[in-house]
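Have a look at the structure below, then the notes.
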Amino acid sequence: MAFRDACAYVDRVHRHHAAPQGHKFSLGAMTEDGRLVGVAIVGRPVARAYDDGLTVEVIRLATDGSPNACSALYGAAWRTAKASGHRRAITYTQEGESGASLRAVGWRRTADRPARAGWDAPRRPRRTLGTEQVARTLWEITAKDAPPLPPLRDETRDKTRPARRHCSARSCRRLVATPATGRPARYCSHACRQRAYRERRAATPTS
């Protein structure tokens with residue numbers, strides 16, 4: 001179905017997420033009399049480590065509670081992705097959701113992700129989405145020849161980390177403040193970030 005129509009349905013029905021910014025494809029589930037009972041929006045994986053060109057993510061799924069609508073959409077999303085050459089599909093459920101609809105169509109529980117504070121940081125402000133501080137479960141379904149998922153970097157904040165750390169640029173050792181939330185800054189300024197990039201390029205041998 002059209003992305004615009006799928007987004008309108010998500011904004012109207014989904015319990016805790018707004019519509020996403022883009023997609024690869026969207027699917028709808030309808031009754032025999034033509035009533036739309038659910039949508040699935042499938043896009044690139046949100047985690048960059050998983051965005052390998054072979055993996056898609058069901059980034060939104062919303063139904064009106066009709067029986068088996070969730071399972072039908074998850075199954076159709078994987079069949080569509082597999083037919084287009086993808087080797088893996090992933091999605092997340094929030095803490096308290098059983099994942100029964102996923103298990104019913106062959107998806108596997110892969111990992112548990114701890115709750116996090118969100119992406120807001122002093123140097124990179126982000127709006128609150130309402131889904132922060134909620135643990136999630138990662139699910140996947142794969143083709144037989146799919147490579148394993150790469151490990152994700154652990155971004156859980158270390159409470160013992162000092163309030164200030166040194167700039168990562170080798171030619172600069174100024175102290176950088178560690179923010180209370182979000183990913184800690186590695187460089188004290190944009191100039192140091194660019195300088196470190198040039199140093200890495202110069203140290204990389206060319207063939």
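The lone criterion from (1) surrounded by 17 or more Cβ atoms within 10 Å (Cβ to Cβ); (2) under 15 Å from residue 59 (Cβ atoms) left unmet by residue 29 is number (2).
Among the residues of segment 68-80, those that are in contact (Cβ under 8 Å) with a residue 24 or more places away in the chain and either among the charged types (D, E, K, R) or within 22 Å of residue 113 (Cβ to Cβ) (or both) comprise 70, 74, 77, 78. Does residue 49 satisfy the condition of being open to solvent by 40 Å² or more (accessible area, probe 1.4 Å), touching a Lys or Arg at 6+ places or on another chain (Cβ under 9 Å) and either in a strand (DSSP E or B) or at pLDDT below 95 (or both)? Yes.
Going through (1) outside any strand (DSSP E or B); (2) at pLDDT 65 or above; (3) open to solvent by 40 Å² or more (accessible area, probe 1.4 Å) one by one, residue 165 falls short only on (1).
Residue-by-condition table, conditions (1) open to solvent by less than 20 Å² (accessible area, probe 1.4 Å); (2) free of Cβ contacts under 8 Å to residues at least 40 places away in the same chain; (3) assigned to a helix (DSSP H, G or I); (4) of a type in the set (Ser, Thr, Tyr):
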site: 8; (1), (2), (3), (4): no, yes, yes, no
site: 23; (1), (2), (3), (4): no, yes, no, no
site: 34; (1), (2), (3), (4): no, yes, no, no
site: 62; (1), (2), (3), (4): yes, no, no, no
site: 66; (1), (2), (3), (4): no, yes, no, yes
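Against the numbered list (1) closer than 23 Å to residue 134 by Cβ; (2) part of a helix (DSSP H, G or I), residue 81 comes up short only at (1). Does residue 116 satisfy the condition of being modelled with pLDDT under 85, closer than 30 Å to residue 81 by Cα, touching a Ser or Thr at 6+ places or on another chain (Cβ under 8 Å) and not hydroxyl-bearing (Ser, Thr, Tyr)? Yes: the conditions hold for residue 116. Residue pairs whose Cβ atoms lie under 8 Å apart, separated by 6 or more positions or on different chains, with the first residue in segment 95-111 and at positive phi and the second open to solvent by 70 Å² or more (accessible area, probe 1.4 Å), are 99/109. Across segment 120-131, not a single residue is classified as modelled with pLDDT of 80 or more, surrounded by 11 or more Cβ atoms within 10 Å (Cβ to Cβ), hydrophobic (A, V, I, L, M, F, W, C) and under 27 Å from residue 46 (Cβ atoms). Kindly establish whether residue 12 is of a type outside the set (A, V, I, L, M), open to solvent by 50 Å² or more (accessible area, probe 1.4 Å) and either part of a loop (DSSP other than H, G, I, E, B) or more than 23 Å from residue 147 (Cα to Cα) (or both). So residue 12 fits the description; yes.
Just one of the listed residues (40, 89, 19, 76) is crowded, with 16+ Cβ neighbours inside 10 Å, at pLDDT 95 or above and not in a strand (DSSP E or B), namely 76. All of 84, 98 fail the test of being under 21 Å from residue 138 (Cβ atoms) and surrounded by fewer than 18 Cβ atoms within 10 Å (Cβ to Cβ), apart from 98.
The values are calculated or read from the model by the stated rules, or taken from the named source; none is laboratory data. Just so it is clear, the structure is predicted and the values come from calculations on it, not from any experiment. With ideal geometry, Cβ positions are generated from the backbone for all residues, glycine too; neighbour counts draw on all protein chains shown. For accessibility, only protein heavy atoms count, side chains too; no ligands or nucleic acids. Shrake-Rupley method; radii C 1.70, N 1.55, O 1.52, S 1.80 Å.
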